[in-house]
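Structure record follows, encoded as structure tokens.
Nothing in this text is a laboratory measurement; each read-out follows from the coordinates by a stated rule. On a predicted model such as this, the values are computed, not experimentally measured, just so you know. Positions of Cβ are backbone-derived with ideal geometry, glycine not excepted, and every protein chain shown enters the neighbour counts.
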């Protein structure tokens, strides 16, 4: 009985001295930042730091948080004011998503042929997953192929067929791609190889 009372006394003492849980914001991790930049609407480069530990990978495609030089705070930057940003050799470009909104897509290849990825929340077999959409653009398309200068989606299933008109000038790089299986790294390497022929 004495042991029970002693335990009860210790429990009450602990409960009385314990700090109450504060209501309000949920706890969050401190921002981790790295050197980065953004391009304002005038095309000027603004250097500073970009937060790299956002709540999920897809958050980078919706917006980003930026710390200006000399500042201690990381603040969200509106896509309405910034047309691109980057950090750690990753570069994001703002594009229209629908009539009301814009999103960022990541530039995976730069050069004559530009290759982009957009990640989004999806569901497969009843489970949440992150899926990707891919886009291509020919920055030096001739007048007869001017529609190729626009950003075009690539079907994962028929990606090789979709890439063929863009890579027809260098068919060897296109032929090396697997006909049946889309592999992002293989596409990146093929497009980089293609672009080498057009570097100044």
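Points worth noting:
- Set against the labelled values (i) 20.0, 66; (ii) 24.9, 95; (iii) 16.8, 58, Rg and Dmax of the Cα atoms in Å computed from this structure falls on (ii).
- Whether segment 59-120 is rounded, prolate or oblate, judged on the alpha carbon gyration tensor where a/c under 1.5 counts as rounded: oblate
- Placing a label point 7 Å from the Cα of residue 71 along the Cα-to-Cβ line, the residues of segment 82-106 whose backbone N sits under 17 Å from it are 82-87.
- Sorting 58-70, 109-121 by average packing, meaning the other beta carbons within 10 Å per residue, from highest down gives 109-121, 58-70.
- Largest GNM mean-square fluctuation among 98, 162, 138, using the chain with Cα springs under 10 Å: 98.
- Taking 0.36 nm per residue of sequence separation and removing the Cα-Cα distance, the residue 176/residue 197 pair yields an extension gain of 5.9 nm.
- GNM remark for the chain: springs join alpha carbons under 10 Å apart, and the peak mean-square fluctuation among 128, 153, 79 falls on 128.
- Calculated mean residue ellipticity at 222 nm for the chain: -6500 deg cm²/dmol, from DSSP H runs with n ≥ 4 weighted as -39500 (n - 2.57), summed, divided by the residue count and rounded to 500.
- For segment 33-156, the relative contact order is 16 percent, taking Cα pairs closer than 8 Å that sit 6 or more residues apart in sequence and dividing their mean separation by the residue count.
- Computed from the Cβ-Cβ distance with R0 of 25 Å, the FRET efficiency linking residue 81 to residue 31 stands at 0.80.
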